[in-house]
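Below is a structure I'd like to ask you about.
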Amino acid sequence: MADVELKRVSKRYVHGRRTTETLRDVSLHVRDGEFVSLLGRSGCGKTTLLRIVGGFVNADGGEVLVDGAPVSQPGSDRGMLFQHPMLFPWLTVLDNTLFGPRATGRNSPAARARAMELLQIVGLGGFEFHYPKQLSGGMMHRAAFARAMMAEPKILLMDEPFGALDALTRAGMQQFLLDLWNRRRFTVVLVTHDVEEAVLLSDRVAVMAAGPGQIVETIPIELPRPRTYEMSETPEFVQLKRRVRQSVEQTPARGAMVGMQLTAGG
Amino acid sequence: MGEEQAQTPAATPPGIALDEPRFGTRLLRRFAAVDWSRIGMGTLGIVALVIAWWLVALIIGDSVFLPTPAATVGTLVHYLTHPYPSQGDTLIGNTLISLARIVVGFTWGALAGIALGALMAGVRPIRLIVDPLIELGRPLPPLAFIPLLIVWFGIGEAPKIILIGVGVIPVMVVSVVAALDAVPEEYVEAALSLGATRRYALLHVRIRAALPAMITGLRLAMGMSWTSIVAVEMIAATAGLGYVILEASNYLVTPMIFSGILLIAVVALVLDGLLRLLRRLVAPMG
């Protein structure tokens, strides 16, 4: 059971005399085991929305419920993955994975065995005693996955987790995430500005627009599971991608003049 | 796949996890990782300097102006166990006196600086109040306070230890604040989302992540301590390496001046080495 309910969430930021309405009345229901992407241009408030679910930012209005309980602060029920892996450089890969159990006083031989197993699953068997600096970018991200999954979160929140990787590594990580998700269907909310990534991974794509930030459309991605990276070349995929991209392109670009809309591309 | 390759390949095939190396083994490995070619080049520089010194001393031929390295080392070794000046202490004794002042002054100054810096990084009003005071005091050379400290505390140990601390505090405050500010907020957020309490995240993540940079601050502060102690020992002291150097200067015993300088260099190098070792232990892989 892990079900996320956003009810009319609003957020404003005040800079001196100016007020920016970052989010206005955003509602979204993410069902248990569902993979939902928040897709939009930069500045549409998608990261702020994710951080509100994570409990790092408090909403000014509305509610966020996880399994019916309101969110007010960060917690281990919501795992968080950032654009950078954020592994602690002073800890080995294994000790990074065991950070959660240690922080919560639940470290034990069983936890250690589970950490070793998780590292095996993410393909880091044999790298348990390496330091993060000795790993490649993709490996660091997989270690961050293992660390997040060690806390057994109900939901995984991801903020453009592969945004800083090169194209090949990013494709590898997307396939890795698909495989992982096929084994265990955890609930995921992913923030991205990559249309292809959103379509490949998600059950639904929530398209967001800026000024004020809101969800303009939620597009179901009815592609069969399990998915693979090769699927991105099928006509169905290409069609869905076009559909999603058109939806994003209709949203105003940041800094665009009022009333002006993008019509080119496609 | 390209990204599967680590920069350092695993020593064991995947699936066979080694037991974690013991602490002693890890320590040994870290020492074994010493870069010998770097040490060789460094030694070369020192040897070249000694040869140049020797040549210049021979050409000048005036042991009061510039004694040879041999004469200097002779004086140094002799007075390690003989008092200088005659009613004073041995060079070992004077070194220990200076060292003790440094240790006490540096310790209290570093602790006060770390505490103040941590408070400033964590509590905004404290930062706003203290920051201008630090910025006002930081450019002042600690030496400017010596006359005042003598008026207030005489020429005993108190003014020396206070002066060292006064020099150390601003250096530590600035580096501790910078070190804590530089820790990415996402480290703390990652810890919180792994179930850590705010207190645990502060101690085990934010402060832990800042430790290497704080130790670099300690190294800078240690340099400042030597500046302070030698200066104050030259002005108001009856023992210590600064006092020995000034005495030797008054009586034109140039080899003793060099001996004092050499001893300061050696002790300072050892203390800095200890701090560098500490940093290595705290920041594996640099």
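Measure nothing fancy, just the Cα-based angle from helix B:23-32's long axis to the longest principal axis of chain B, in degrees from 0 to 90, nearest 10.
60
According to a simple spin-label model (label point 7 Å from Cα along Cα-to-Cβ), what is the distance in nm between B:Ala265 and A:Asp25?
7.7
In square nanometres, what is the average projected area of the Cα convex hull of chain A?
That works out to 15.4 nm².
Of the DSSP beta bridges with both residues in the stretch A:130-266, give the percent that are antiparallel, rounding to the nearest 5.
55
Can you grab the distance from the C-alpha centre of the stretch B:54-112 to the C-alpha centre of the stretch A:14-39, Å, no decimals?
About 69 Å separates the Cα centre of the stretch B:54-112 from the one of the stretch A:14-39.
Per the Kirkwood formula on distinct C-alpha pairs, the Rh of the stretch B:122-189 is how many angstrom?
Answer for the stretch B:122-189: a Kirkwood hydrodynamic radius of 14.0 Å.
Using the Cα centre of the protein assembly as shown as origin and beta-carbon charges of +1 (Lys, Arg) and -1 (Asp, Glu), tell me which of A:Leu124, B:Ile146, B:Ile264 is placed farthest towards the positive end of the dipole.
Of A:Leu124, B:Ile146, B:Ile264, it is B:Ile146.
Suppose every Lys and Arg Cβ carries +1 and every Asp and Glu Cβ carries -1, with no other charges. What dipole size does chain B come out with about its Cα centre, to the nearest 20 debye?
Using only the charged Cβ atoms, the result is roughly 440 debye.
Let me ask something additional. Give or take rounding to whole Å, what are the principal axis extents of the alpha carbon atoms in the stretch B:67-282, in descending order?
Its Cα atoms span 67, 38, 22 Å along the three principal axes.
How much net charge surrounds A:Asp194 when only other residues with a Cβ under 9 Å from its Cβ are counted (Lys, Arg +1; Asp, Glu -1)? Mind dumping the intermediate values first?
Values: positive: A:Arg170; negative: A:Glu160, A:Glu196, A:Glu197.
Around A:Asp194, the charge tally is -2.
Could I ask something else about it? Please find the FRET efficiency linking A:Glu233 to A:Ala164, where r is the Cβ-Cβ separation and R0 is fixed at 30 Å, and quote it to the nearest 0.05.
Calculated transfer efficiency: 0.75.
Then there's this: Please list 3J(HN,Hα) in residue order for the stretch A:202-218, calculated via the Karplus relation 6.51 cos²θ - 1.76 cosθ + 1.60 where θ = phi - 60°; whole Hz, with x for glycine and proline.
Values, residue by residue: 8, 7, 9, 10, 9, 8, 10, 10, 8, x, x, x, 7, 8, 8, 6, 10 Hz.
Highest GNM mean-square fluctuation, chain B, Cα pairs closer than 10 Å: which of B:Leu133, B:Leu241, B:Leu143?
Between B:Leu133, B:Leu241, B:Leu143, it is B:Leu133 that shows the largest mean-square fluctuation.
Suppose we look only past 17 Å in the calculated P(r) of the stretch A:84-152. What percent of the Cα-Cα pairs does that tail hold?
Summing the P(r) of the stretch A:84-152 above 17 Å gives 29 percent of all pairs.
Another question, if that's okay. Given Cβ point charges of +1 (Lys, Arg) and -1 (Asp, Glu) and nothing else, what value in debye, to the nearest 20, does the dipole of the protein assembly as shown about its Cα centre take? Walk me through the numbers before you get to the answer.
Numbers: 50 positive and 45 negative charges, 124 e Å.
Rounded to the nearest 20 debye, it is 600 debye.
Provide the percentage of antiparallel DSSP beta bridges, counting only those with both residues in the protein assembly as shown; round to the nearest 5. It would help to have the intermediate numbers written out before the result.
Values: 24 of 43 bridges.
Of the beta bridges lying entirely in the protein assembly as shown, close to 55 percent run antiparallel.
I would also like to ask the following. Do the sum for chain B: with -39,500 (n - 2.57) for every DSSP H run of n ≥ 4, divided by all residues, what is the mean residue ellipticity at 222 nm, to the nearest 500 deg cm²/dmol?
On the way: 12 runs with 207 residues, N = 286.
One gets -24500 deg cm²/dmol as the mean residue ellipticity at 222 nm.
So what is the 222 nm mean residue ellipticity for chain A from helices alone, if each DSSP H run of at least 4 adds -39500 (n - 2.57) and you divide by all residues, rounding to the nearest 500 deg cm²/dmol?
So the helix-based figure for chain A works out to -9500 deg cm²/dmol.
I would also like to ask the following. Sketch the reach of a paramagnetic label on B:Ala144 as a point 7 Å from Cα along Cα-to-Cβ, and name the residues of the stretch B:163-201 whose backbone nitrogen lies under 19 Å away.
Within reach of a label on B:Ala144, which here means backbone N under 19 Å from a point 7 Å along Cα→Cβ, the stretch B:163-201 contributes B:163-174.
One-quarter of the Cα convex hull surface for the protein assembly as shown, in nm²?
Working: hull surface 136.7 nm².
Taking a quarter of the hull surface, the average projection is 34.2 nm².
For the pair B:Leu119 and B:Leu58, what calculated FRET efficiency results from E = 1/(1 + (r/R0)^6), where r is the Cβ-Cβ distance and R0 = 56 Å, to the nearest 0.05?
Efficiency, from the Cβ-Cβ distance: 0.45.
Just rank B:Tyr187, B:Tyr251, B:Tyr79, A:Tyr229, fewest to most, by other beta-carbon atoms within 10 angstrom.
B:Tyr251, A:Tyr229, B:Tyr187, B:Tyr79
Just checking the output field for A:126-136: average partner chain Cβ neighbours within 10 Å of each residue's Cβ?
So the per-residue partner count for this stretch is 6.
Pick from B:Leu91, B:Leu66, B:Leu218: which is most flexible by mean-square fluctuation in a GNM of chain B where alpha carbon atoms under 10 Å apart are linked?
Highest fluctuation among the options: B:Leu66.
A further question follows. GNM on chain B, C-alpha springs below 10 Å: top fluctuator among B:Ala100, B:Ala178, B:Ala196?
Fluctuation is largest for B:Ala196.
Same structure, new question: Report the local net charge at A:Val66: Lys and Arg +1, Asp and Glu -1, summed over other residues whose C-beta lies under 15 Å from its C-beta.
Residues near A:Val66 contribute -3 overall.
With Cβ to Cβ distances under 12 Å as the rule, what net charge do the other residues near B:Val188 carry (K, R +1; D, E -1)?
Details: positive: B:Arg198, B:Arg199, B:Arg206, B:Arg208; negative: B:Glu185, B:Glu186, B:Glu189.
Computed value for this residue: +1.
Hey, another quick one. Give me the inter-chain shielding for A:70-78: mean count of other chain Cβ atoms within 10 Å, whole number please.
Details: counts 0, 0, 0, 2, 11, 4, 5, 2, 2.
Mean inter-chain Cβ contacts per residue within 10 Å come to 3.
Check which residues have an amide H placed less than 5 Å from A:Val188's amide H, if you skip close sequence neighbours.
So A:Val188 has HN proximity to A:Glu34, A:Phe35, A:Val36, A:Leu156.
What is the mean number of Cβ atoms from other protein chains located within 10 Å of the Cβ atom of each residue in peptide A:82-92, rounded to a whole number? Show your work: numbers first, answer last.
On the way: counts 6, 1, 3, 2, 8, 2, 7, 7, 11, 3, 3.
Counting Cβ atoms of other protein chains within 10 Å of each residue's Cβ and averaging gives 5.
Still on this model: Report, in whole Å, the centroid distance computed from the Cα atoms of the stretch B:209-264 and the stretch A:173-195.
61
Would you mind working out the magnitude of the charge dipole of the stretch B:33-190 relative to its Cα centre, with +1 at each Lys and Arg C-beta and -1 at each Asp and Glu C-beta, to the nearest 20 Debye?
In debye, rounded to 20, the stretch B:33-190 gives about 360.
So what are the ³J(HN,Hα) numbers for the stretch A:178-185, from phi and the Karplus equation (6.51, -1.76, 1.60; θ = phi - 60°), rounded to whole Hz, Gly and Pro as x?
Listing the rounded values in order: 4, 5, 4, 5, 5, 5, 9, 7 Hz.
Let me ask something else about it. In nm, give the distance between the simple-model label positions of B:Trp152 and A:Asp32, each being 7 Å from the Cα along the Cα-to-Cβ direction.
Between B:Trp152 and A:Asp32, the label points sit 6.8 nm apart.
Compute the FRET efficiency between A:Asn182 and B:Ala100 as 1/(1 + (r/R0)^6), taking r as their Cβ-Cβ distance and R0 = 51 Å, and round to the nearest 0.05.
The pair A:Asn182/B:Ala100 has a calculated efficiency of 0.15.
In what sequence, highest mean first, do A:48-56, A:82-90, B:38-46, B:120-128 appear when ranked by Cβ atoms within 10 angstrom?
Put in order of decreasing packing, that is A:48-56, A:82-90, B:120-128, B:38-46.
Each value in this text was obtained by applying a stated rule to the coordinates, not by laboratory testing. For clarity, every value in this text was computed on a predicted model and none was experimentally measured. With ideal geometry, Cβ positions are generated from the backbone for all residues, glycine too; neighbour counts draw on all protein chains shown.
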